[in-house]
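Have a look at the structure below before the remarks.
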Amino acid sequence: MPLRARQRCHTVLTAAVVLAATLLATASPASAADTWTEVGSDRADPLTESQGLTSVEVPAGAANRYTGIGAIPVDLSGRGWNHVGDPDASYDGHYIEPYQRDSGTTKMFRVQSPGGTWAEYVHTLSSGEALNNSWVAVSPGGQWMLAGEYGTMSRLLVFPTPGVNPGTSPSVNLPQASTVRLDHAVRDVQGCDFLSATRLLCSSDDPAGTLFGITKPLLQIDLSAEPNGTSDVTGHVTALRQLPLRSSCSGTFEAEGIDYDRRTGTLRVIVVSPGFCVLTDSKTYRFTRS
């Protein structure tokens, strides 16, 4: 082949490689991850089902649990714990709710044992830790729990699971054990749940859409290892899709808690409708993996 022809061929191949790399970089976020398809929805009560939800495996046949402003016990709100986030339940039946208040240096995790008794585990904020206590997610192994702050963050917090990990006690501070370091910032995460020992699904209330090109995304976070509380792990973040934003009212939706039920393979996410429609058509959407 003549030199000039070889040079033209090289130029064309180089351009093709660059174009392919560009297309891969700008491809749909779900192209390298799971696809979750909406299969139905249920009305979410604005008072008792507007913050979070979780499926409970123990005891067998237990009902799903929900959180909302109307479900906060009077004695807790009287002590300033006026916000409850997205809860979770361990595989042995401990149920955990995350609480925050408007000021101070602590956040609280309220735990119900499989036997029905309640206990409060208080955490004193670490240096630089936000006051928000938006959600909890118990790892499949049970001993370690993730929790999240609101705002734009590049980390998730790891705690010993209160009531499950033998190193925890309601009478002493619940310490942060380690950190999940994210490779991409996330914004306003309202809930996460473990899909497997090293994969999380998270609901983001991101209103701007500048991080992933979509608002209110469903996120997938792949961990380098299951959290163990002794060393940090990394997390690779992928935006899978936009959560459903449908209502009779126009305005700002709010993505809330998330739950994955491993028994049925069903993912559920709460989306609160804008304006007056928060009372009428807020939904818990159901998804299955395809």
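The values are calculated or read from the model by the stated rules, or taken from the named source; none is laboratory data. This is a predicted model, so every value here is computed, not measured. Don't worry about glycine lacking a Cβ; one is built from the backbone with ideal geometry, like all the others, and counts go over all protein chains shown.
Structure notes:
- Within the range 130-155, the set of residues being touching a Pro at 6+ places or on another chain (Cβ under 9 Å), within 15 Å of residue 229 (Cβ to Cβ) and surrounded by 18 or more Cβ atoms within 10 Å (Cβ to Cβ) comprises 136, 139, 143, 144, 145, 146, 147.
- Scanning the range 73-104 for residues that are among the β-branched types (Val, Ile, Thr) and in contact (Cβ under 8 Å) with a residue 24 or more places away in the chain returns 84, 96.
- Checking the range 238-248 against the condition returns no match, with no residue being in contact with a Lys or Arg (Cβ under 6 Å, 6 or more places away or on another chain) and of a type in the set (Lys, Arg).
- Matching residues in the range 82-100 - criterion: being part of a loop (DSSP other than H, G, I, E, B) and within 14 Å of residue 150 (Cβ to Cβ): 85
- Subset of the range 212-230 that is surrounded by fewer than 20 Cβ atoms within 10 Å (Cβ to Cβ) and in contact with a strand residue (DSSP E or B) (Cβ under 6 Å, 6 or more places away or on another chain) - its residue that is modelled with the lowest pLDDT: 229
- Restricting the first member to the range 272-286 and to residues that are basic (Lys, Arg), and the second to residues that are buried (at least 21 other Cβ atoms within 10 Å of the Cβ), the beta-carbon pairs closer than 8 Å and six or more apart or on different chains are 283/44; 283/270; 283/271; 283/273; 286/267; 286/268.
- Residues in the range 156-179 that are among the hydroxyl-bearing types (Ser, Thr, Tyr) and under 22 Å from residue 112 (Cβ atoms) were compared, and the one that is surrounded by the fewest Cβ atoms within 10 Å (Cβ to Cβ) is 171.
- Residue selected from the range 242-253 under the condition within 17 Å of residue 279 (Cβ to Cβ) and surrounded by 20 or more Cβ atoms within 10 Å (Cβ to Cβ), by the criterion nearest to the chain's Cα centre (by Cα): 253
- Checking each residue in the range 187-208 for being in contact with a Pro (Cβ under 7 Å, 6 or more places away or on another chain), more than 16 Å from residue 289 (Cα to Cα) and surrounded by 19 or more Cβ atoms within 10 Å (Cβ to Cβ) picks out 204, 206.
- Residue check for residue 239: of a type in the set (Gly, Ala, Ser), buried (at least 20 other Cβ atoms within 10 Å of the Cβ) and out of contact with any His (no Cβ under 7 Å at 6 or more places or on another chain): yes
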